[in-house]
1. Taking the stated definitions as given, is A:D199 touching a helix residue (DSSP H, G or I) at 6+ places or on another chain (Cβ under 7 Å), within 26 Å of A:I102 (Cα to Cα) and either loosely packed, with under 13 Cβ neighbours inside 10 Å or not hydrophobic (A, V, I, L, M, F, W, C) (or both)?
2. Output the number of residues of the stretch A:55-99 satisfying the condition of being closer than 24 Å to A:I258 by Cα, crowded, with 21+ Cβ neighbours inside 10 Å and of a type outside the set (F, W, Y).
3. Going through the stretch A:164-202 one residue at a time, which ones are of a type outside the set (S, T, N, Q), closer than 23 Å to A:D122 by Cα and assigned to a helix (DSSP H, G or I)?
4. List the helices (runs of 4 or more DSSP H) inside the stretch A:17-125, counting only whole elements, that have at least 3 residues being under 23 Å from B:E375 (Cα atoms) and within 9 Å of chain B (Cβ to nearest Cβ).
5. I need a count of the residues in the stretch B:336-381 that are within 14 Å of chain A (Cβ to nearest Cβ), in a helix (DSSP H, G or I) and either without any contact (Cβ under 8 Å) to a residue 60 or more places away in the chain or among the polar types (S, T, N, Q) (or both).
6. Return the total of residues in the stretch A:208-249 being in a strand (DSSP E or B) and of a type in the set (A, V, I, L, M, F, W, C).
7. Working only within the stretch B:76-108, note down all residues that are under 41 Å from the mean Cα position of the chain (by Cα) and surrounded by 18 or more Cβ atoms within 10 Å (Cβ to Cβ).
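The values are calculated or read from the model by the stated rules, or taken from the named source; none is laboratory data. Because the structure is a prediction, the values reported are computed rather than measured. Every residue, glycine as well, gets a Cβ built from its backbone with ideal geometry; the counts of neighbours run over all protein chains shown.
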Amino acid sequence: METEVFAEVGDEIVRVEGITKTFTLSRKQKKIEKTAVDRKVAVDRLSFSAYKGQIYGLLGPNGAGKTTTLRILSTLIKPDSGDAFVCGQSVVKEPQKVRDKIGFMTSELKLDGFFTPDYLFDFFGNLHGVDGEVLKARKKELFSRFGIDRFSEVRVKDLSTGMKQKISLVVSIVHDPDVVIFDEPTNGLDVLTAKVVTDFLAELRAMGKSIILSTHIFSLVEKLCDRVGIIIDGKTVTDGTLQEVCAGETLEKRFFDIYGEVKGETV
Amino acid sequence: MKLIALMKKEFRRFFHDPRLIVTMLIPGLIIYLIYSILGDALWSKEQDTYSYKAYVAGESRLCEMINTAFGSDEFLIPAADEETARKEVEEGKADALIVFPQGFDEAVNAYVPSPGAKAPQIKIYYRAADTQSSAFYAAVTGILSAYEDSIANKFDIVADNFSSDSEIVGSVLGGMLPFLVVIFIFAACMSITLESVAGEKERGTLATILITSAKRSHVALGKVIPLSCISAIGATSSFLGVALSMPKLMGMNVGGFIGSVGFLGYFLLFLLILSVVPLIVSLVSVVSTYSKSVKEASAYTSVLMIITMVLSIVSTFVSGIGNWVVAIPVLNAVVCMQGVLTGSFSLWQSLVSVAVNIAFTALLVFAIAKMLSSERVMFGT
């Protein structure tokens, strides 16, 4: 699979094929989770596909495996088995090529507070090999779009959470990636900044980008996502278009119904 | 391009933070000031030469020997009255009284050591609690013992000191300086590498770099090269501080010492230091990459520093270390630096040591790159 094959909106651009990931539990973790087993299955033979020009939402409770899945897609960690393909490149065999195609934003990845947004944008642009003139034009456009130009020379450590989130967002897409992966993109943001971010996600979709986001905010999924995958205990329990998953109900009701069926308990 | 971007970031992080610059340069300056002030105080006191006052009662050719040793034909004052002179010593008005019995020289000539024969005796009155008095006693007994040995053995021992100031300084510095240099390099490397590698890992800023398309080897080199350059500045500052102030501390001539090392010596010293800096930076980087936090990395690095210190001390005090030492990183540089400073260096040994250190650095950089790719190391999974 090569990138050029996915030129058309609606073509499959991310394919996750039965990935499994287990983690060794430390003594402390075992105590917290009240378990005697040494390993925990975070993701269990999980599969889904995302398409060009669409937003795919991974919905699930805390500890369901959403972040682990996104970390595998972003090549930070490798699956124990299975594989995932981004623009046809394997995250297991060709992680270097995958990194060129994706932009990843998560609260786990931080920006060095010593530097200014202006410097960090250039730095990450250079790391992605973005041409000088292109980088300059892109910085102007994105900084203006997010109002970063007002504090572009202020050190990141002196900025508010919302401002930092905006910088993380623009830095993650400095190289204009085909696939954008966001882990809880509106977490900790005030309503104004959250709106700026969600509007931008819609803009990216309009530009033909493919977006995968994890969240547990139903309204965000209903507002933005074209397709939804519900993950519970590391497994995909439902995957399809928003309409298919909701089946005429609200997403919230469908989620709790599915959750009750899978876990055998009513919430 | 990506490697340059990574290196520039580290340089910017350092050179735009005045606190880091001061932290790096200040140890050398402090060492220079402290050692210089200490040396000045020590040697200016020494230069206000203390004038001994010593009486002699009786006659002997040994008086001439003692006078010569103390630089004056009239150093020993003939005691007009032995009892009065003894009292002066007791009261601290004089440092010592040496009493030769009558006919001492003749008795010495006639003396044949045999069972029951009584050897001629010299009496010395002094005050052991008084620094100057006991120093004089030690000096005189040294002279007399030497004389006693020479006549008993029927040998004349002719001693002459051919060592110049610079050689004495070289000998002392040769032992001490390499050890100190390695410690200073370690301290300089530790202070910035722990923060730059373990600190970035702990804060999550290193992972942000890892999701870019920069190669892991570039990320590793992007740390090791600039951190080595910065550490070299700190190490050079400390080295200059010690090298320039140590001769002062020992009351020797700085110029003479510098001249005795020579151009090749300095070049080799520089080369050896340059080979040790990236090696230690890489070593601390490996530990920092492995550790989960700066605190954990500091604990591991302290152990490494102690091992390095012990090795350096051993090489300082153990003579006759074989050529095999070139195979041991860091220690090889310490031994070679000692050779350069004492004027007994081997060019091939120094160059091989540099090559060995560079090879070990390359291996460690490779290990860092591997560790950056390991999710178990980077994310503890």
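1. Working: touching a helix residue (DSSP H, G or I) at 6+ places or on another chain (Cβ under 7 Å): no; within 26 Å of A:I102 (Cα to Cα): yes; either loosely packed, with under 13 Cβ neighbours inside 10 Å or not hydrophobic (A, V, I, L, M, F, W, C) (or both): yes.
Considered against the rule, which asks whether it is touching a helix residue (DSSP H, G or I) at 6+ places or on another chain (Cβ under 7 Å), within 26 Å of A:I102 (Cα to Cα) and either loosely packed, with under 13 Cβ neighbours inside 10 Å or not hydrophobic (A, V, I, L, M, F, W, C) (or both), A:D199 comes out as no.
2. We begin by selecting, within the stretch A:55-99, every residue closer than 24 Å to A:I258 by Cα; these are A:55-70.
Among the residues that remain, those that are also crowded, with 21+ Cβ neighbours inside 10 Å are: A:55-60, A:64-66, A:68-70.
Still in the list and also of a type outside the set (F, W, Y): A:55, A:57-60, A:64-66, A:68-70.
Result for the stretch A:55-99: 11.
3. Quick first cut of the stretch A:164-202, residues of a type outside the set (S, T, N, Q) only: A:164, A:166-167, A:169-171, A:173-185, A:188-192, A:194-197, A:199-202.
Now restrict to residues that are closer than 23 Å to A:D122 by Cα: A:164, A:166-167, A:169-171, A:173-182, A:185, A:196-197, A:200-201.
The answer is A:K164, A:K166, A:I167, A:L169, A:V170, A:V171, A:V196, A:V197, A:F200, A:L201.
4. On the way: elements: A:27-32, A:66-73, A:95-101.
Of the helices (runs of 4 or more DSSP H) lying wholly inside the stretch A:17-125, those with at least 3 residues that are under 23 Å from B:E375 (Cα atoms) and within 9 Å of chain B (Cβ to nearest Cβ) span A:95-101.
5. Count: 3.
6. The total comes to 8.
7. B:L76, B:V89, B:A94, B:D95, B:A96, B:L97, B:I98
Residues checked against (1) over 30 Å from B:K248 (Cβ atoms); (2) part of a helix (DSSP H, G or I):
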residue	(1), (2)
B:S51	no, no
B:E64	yes, yes
B:G71	no, no
B:D105	yes, yes
B:G116	yes, no
B:F136	no, yes
